Every structure is written in structure tokens, then in C-alpha cells.
Amino acid sequence: MKVVNKTNQTKNPFLPEPARIVRMYPLTEDVKFFQVRLVDIEKSLSFQYRPGQFAMISVLGAGEAPFSISSTPSRPGLLEFCIRQTGTVTRAIFNLKENDLIGVRGPYGNGFPIEKMEGKDILIVMGGLGAAPLRSVLLYCLDNRDLFGRVILLHGAKRPAEMIFLQEFLDLKKRSDLECYLTVDQDDTGQWVDNVGVVTTLFPQLKEINPNQTVALVCGPPVMYKFVIQELLKLNIPKDQILMTLERRMKCGVGKCGHCAIDYIYTCLDGPVFTYWDVIHMRELI
Amino acid sequence: MKIVKLKKENLHPFLQAVSQDAELWAPVRLSNNKHSFQLIDDFSKIDLDYTRTILPPRKLFLPPEFNMFQASFQGYQEDYSHVTPKVLFGVHPCDLHGLLIFDQFHRQAFEDPYYLKARENTLVFGHSCWPDEYCFCQSTHTHIIEEGYDLFFSELDDYYLVWIGSSEGDDCLRLTPELFEESISEEDIKSYIAWQEKRNRAFQLHINFVSMPDLMELRYHHPLWEVLGQACLSCGSCSMVCPTCNCYNVNDHPVLGKNYSEIHRCWDSCMLENYSAVAGGENFREKRSQRLKLWYTHKLQAYISKYGKPACVGCGRCLVTCPVDINIYTVSRALEGEQVDAFWNRLANEVKQ
């Protein structure tokens, strides 16, 4: 007997693609911004993904972990990630330098249903590092501005120094086709000119929302969901038009390792984007 | 399906012929009287008088720990050294069903080459069995098997009825056609049917799986889970011995003195504390009761909703393995409304004795 090979699939889904860090700089004290390019230039330019999908990033000798893609597919070539230093893999990534090599696999997950969102008003609510996946869909909407109705952004952070993409969002705020509201829980600088208070304090400032016409996208720390969803339900936005993207432990990203299982679904295949109805229906989601 | 006859005395010569260029793996009795699928170098070690092995045969397709690939700055080198030509002999119908569930799981969405390559390079020969007091495969309809094997040996008196399940299985018979008889007599058929009827009556343990998805849903917040959670040792043994548990962990092992890392894949269990923990301190299933719920949701509810059958093949391994008697049988009884307290008091008394 000889070892035979009958599988049709030629690609091993567990093998990463070598990628180079093009740029990296701090966004806040513990969050860094990474621009990454696949070493194989053809694969780099043909790397297609949806806003809200994630990639597995590996660092030699440290391991692999899932990260939301923060860049938009409307600007191909470079992949961008916002990474907070919290564990083994992120510590190793922080120790790398520009031009260093990492491994990238993906894109994985369902991502946001951007086709279904076309023509709708988009209400994006982000808190803290929740900006990482939602920046992708925000930039996608702005790059395809005529496909969407109103685009509304609510962004909250604890302190001005902890607001990631602060400068980028301050620039975006000047656009007339984006309703952008920024807030901090506490202003310890005395320089903050925008709202002070948790992100829900921004809701009364919104111009009237047409609930059936609106798709809300939410991502932030676990404590934020409960209060933001209450506000969205008060606005009468349907439960299946409230989308949220979730975090889980993942070791494969392709529905095999089991770590992200919830009921009968895998966050890596059926998520990480879920509707609020899914969350009520499936328990354990948040 | 084609069926032929093999006299028992011809079994070893046949195995000799098929394992000429392949490893032969078969059940062996260990010193503690338990059985295990082992690499066979001496045919006399094969012991077919067994009920269940400690670990299910999935250990041959995805070993407890293996290297997936080497990673270096120069690139990635796949490692399929666990894939060798094998003949796996003596697999019972429940374990064959376990492999069928594994086949389905590893083919869906993204194909898993580490499992599929190993499966393609293994000839699987099934063997008939007799239930003990822990077997409940009749309740999961996995006591009989119609696919998923190359050959299946039904043991009767002094011969086997050999069912040919695949083209490769048919090729195996052609290696030693003189050992097999083509004609099956009326008497053989009668004794097979008699054996089958007798076996059908021999099952002592029955579980009603049909109502389990509803009961899991209705008793999701029932205190029984807290009671079970307090007793659970969180050891993960139930996952290690289960034929349908597939979870694994991945670790990066830098190799000393070399410029590469080995990316190891090793069995994991959702019963272990860090299973759902993410960086930053959040653990989505901190409590043992939450982790037990996940395990039993997967086995008794999720798989039934998705595939119409439970992710349980009735092998009874969790019944003989769990040190505190949390298993498919006791949990399904608790879900059906048996007083969990009474069950635990009984267990406590048994421990005292």
C-alpha cells in the first residue's frame, strides 16, 4: 500500500500566508495600529474580504489568535488591524518592528451583510476597541457613500487618550455626509470639546431616526451592549436589524477546533456578526 | 452488497496478506484487562473478545498530539507523518458510526486534510459485538452499520460472514481468494438471523433520545446543572474517550537549536477551565455547570437539530470512564426529571461503601 491523496482540496486551510508589517504605531497606551501586506504580491492584491470578517495572525514562536480586520475591502492591498496588548500573541506582536514577518490566514467569518444594508440608514455604535471591526464597515460605507442612506457614527471611550482613531474621526467629523458624535466618559485633559458621558448619552442628540429604514451596528465592551441595545429598542429598530460582532476564543477559524461553539453554531463560521434576535434566541452569546 | 464466508482459522492468514505493506491495528487486552487499539506485531495478541477500547479509533486518524507543520521565516512545511498506510481491524458498529460522524464533520465547510488523508490511507474492517450493561447503541440506532467500512466481519460459530463495503475491501479479498467461500447456505442465513434477534434482546440500557432536544431547551435553567456542576471534576475524561469529540488546541513549539517552530495540534476538552477564556481575562464559561451544558447541548441537542441524529453512538465509554458518574445516561435521566439529589445521594453512599 502507498500513501494516496484523494482529497480535491489542494490548499491546507491551517497554513498561514507570510505577511510583512508595513507600518505600526500606537493608537493609545495599549493599542497599536498595524498595516500588513501579504508577501506574495498577487495574493495581496486579490485578498478579498467583507467588513466584519476576521483573520488569524500568527507570530513565530508565540502562536496564533483571531483579529478583526479594521481596513476596508474598498481599499485593497493593505490589511489593517488594531491590536490591544492582552495576551501571549499580542505581546509578541507588540515586540515586532516594521518590516518583520507574521503569518496571516483568512478572511474568516460571515462579516456584515453589506448587500442587505444598501439603501438603509447606517447607525454605528462603537465603544473602546469595538472600533476595530466597525471602522471597516464605516470606511466601506463612506467609500461607497451613494449606496447608503444616512451614516451615523457614535463613538465612546473612557478618556480622550483612550479613543482609538481620534484624529481620523475628528477629520471625518468635518464631512457633511456623516453624522459623527464622539464622547468620553471622563475628560481628564480639559481640552475635550465634544460630549462627556457614556455612549448612551449621545442618543438624545440624534436627529429623528426612521427605525425600519435603519440598520444598527454595535461593538464594544460586554457592559456596553445591554445599555446600547435598550436605547436602540427604544428607537423601535427591529431586533434583526441590530447587528453586533462578538469575540470568542478561536484556535482554527475554520469550524474545527470547537472553542468558539455556541449551541449548534460556530462563531468562526456562522458569526462573528449576529443579530440581536440571534442573541436572545441562542443564549450564551453575550 | 456482496457477502462471503471466511472460516475462523483463515482469519490470521488473511490479515497477514492485507497487512503486508501496511500497519495492522487491532484490539489488544492490556494488563488492567481493558482493551486498546494497538499496532500488531504478533497476531496472537489480537483479542476480539472485547466490548469497548479505552480510546475510540479516532486516535489513529487525529493522534492526541501531532505536528501540523513547521513554521519558519522561510515559510511553512506541512507534516503528514501521522498518515501511514494502515489496516484497522475489529472496529465495532458504534465506533464505525463515530467515524462516519467524524467524516461528515471534517468534510464540511473547510476540509481538514490531516483527518481526511489519514482516513483515506486506512482500511477499516468492522467486527460484530455483544452488548454489556453499559451499551445503549440500540437507542442511537448505531448497533448496526451499513456504510463506512471496507469489510465487516460478523462472527458466527466457527466462521465469519464478511460484508464487503467498498471497492478497496473487494480488492483485499482478491489477495487471497482461496481463503473465502462464495456460497452462503440457508443454514448460515438462519443462524445469522437467530444471532441478530438474540443480540437485539440483549441490550439492557435504553435512552430516549427523541425527547432530549426539547428537554435540553425546557430545563436549560434547571438547578440540575448546578448540582452536576458541583460534582464534576472538570477532568475532561469524557471528551477524551468520546468517539464524536473533536475539539483541539494549537500550540507553537519552538524547536531548540533549529530556526523553526512546530505547530502542534492536541486534543482539548470543553470541560477544561480555560476552554472558552480569551485574552484580557474574560472567560465565557467560567463555571463547570456552564461547561457541562455545552457538552450535553452538543451531544443531545445541537447535533440532533442540525443532522437529525445525536452526536452520541451509544458506546458507553462515558459511563465507564467518568469518575463521578456524569454521563449520557445519568444526565438524560436527570433531564427526564429523575431527582438529581437522589442520584447524588446514592452516589455518595456508594463512595462511602
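Here are the numbers for the structure shown:
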| quantity | calculated |
| --- | --- |
| Extent along principal axes [Cα atoms of segment B:58-100; Å; largest to smallest] | 46, 18, 15 |
| Per-q log10 I(q)/I(0), chain B, q = 0.14, 0.15 Å⁻¹ (Debye; single scatterer per alpha-carbon; no solvent) | -1.24, -1.36 |
| Whole-Å distance, taken between Cα centres, linking segment A:147-217 and segment B:246-278 | 41 |
| Solvent-accessible area per residue, Å², over segment B:143-182 with all protein chains present [probe radius 1.4 Å] | 49 |
| Listed residues B:His12, A:His259 arranged by accessible area, highest first, probe 1.4 Å | B:His12, A:His259 |
| Coordinate range along principal axes, alpha carbons of chain A, Å, largest first | 72, 41, 35 |
| Chymotrypsin sites (Phe, Trp or Tyr not before Pro) restricted to DSSP loop in segment B:19-89 with at most 15 other C-beta within 10 Å | B:Phe73 |
| Size of the B/A contact, given as accessible area buried on both chains, probe 1.4 Å, in Å² | 4500 |
| Mean projected area (nm²) of the alpha-carbon convex hull when the protein assembly as shown is viewed from all directions | 33.5 |
| Relative contact order of segment A:17-108, defined on C-alpha pairs under 8 angstrom at six or more residues apart (%) | 38 |
| Binned Cα-Cα distances of segment B:194-353, short to long, each 10 Å bin given as a whole percent | 9, 32, 33, 16, 7, 3, 0 |
| Antiparallel %, DSSP beta bridges [both residues in chain B], to 5 | 75 |
| For segment B:129-212, Kirkwood radius (reciprocal of mean inverse C-alpha pair distance, Å) | 15.0 |
| Spherically averaged projected area of segment A:1-132 from its Cα convex hull (nm²) | 11.0 |
| Residue-averaged 222 nm ellipticity for the protein assembly as shown, from DSSP H runs of 4+ at -39500 (n - 2.57), nearest 500 | -7500 deg cm²/dmol |
| Given charges at Cβ of Lys, Arg, Asp, Glu: segment B:2-200 dipole, positive-most of B:Pro27, B:Cys135, B:Val4 | B:Cys135 |
| Kirkwood Rh and Cα Rg combined as Rg/Rh, segment B:16-71 | 1.05 |
| Separation of alpha-carbon centers, segment B:143-202 and segment B:55-87, rounded to whole Å | 33 |
| Accessible surface, per residue, of segment A:117-207 when the full set of protein chains is kept, probe 1.4 Å, Å² | 40 |
| Net dipole in debye of segment B:2-200 [+1 Lys, Arg Cβ; -1 Asp, Glu Cβ; about Cα centre; nearest 20] | 480 |
| Distance histogram for segment B:2-200 (every C-alpha pair counted, 5 angstrom bins, percent rounded to whole numbers) | 1, 7, 14, 19, 20, 16, 11, 6, 3, 2, 1, 0, 0, 0 |
| Formal net charge of residues neighbouring B:His127 (Cβ-Cβ distance under 13 Å; K, R +1; D, E -1) | -3 |
| Excluding exposed DSSP-loop trypsin sites (Lys or Arg not before Pro) (at most 11 other C-beta within 10 Å), longest clean stretch of chain B | B:1-200 |
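The values are calculated or read from the model by the stated rules, or taken from the named source; none is laboratory data. Quantities reported herein were computed from a predicted structural model and do not represent experimental measurements. Using ideal geometry, Cβ is built from the backbone for each residue, glycine included, and neighbour counts are taken over all protein chains shown. Remember, those area values only see protein heavy atoms, side chains included, never the ligands or the DNA or RNA. Shrake-Rupley method; radii C 1.70, N 1.55, O 1.52, S 1.80 Å.
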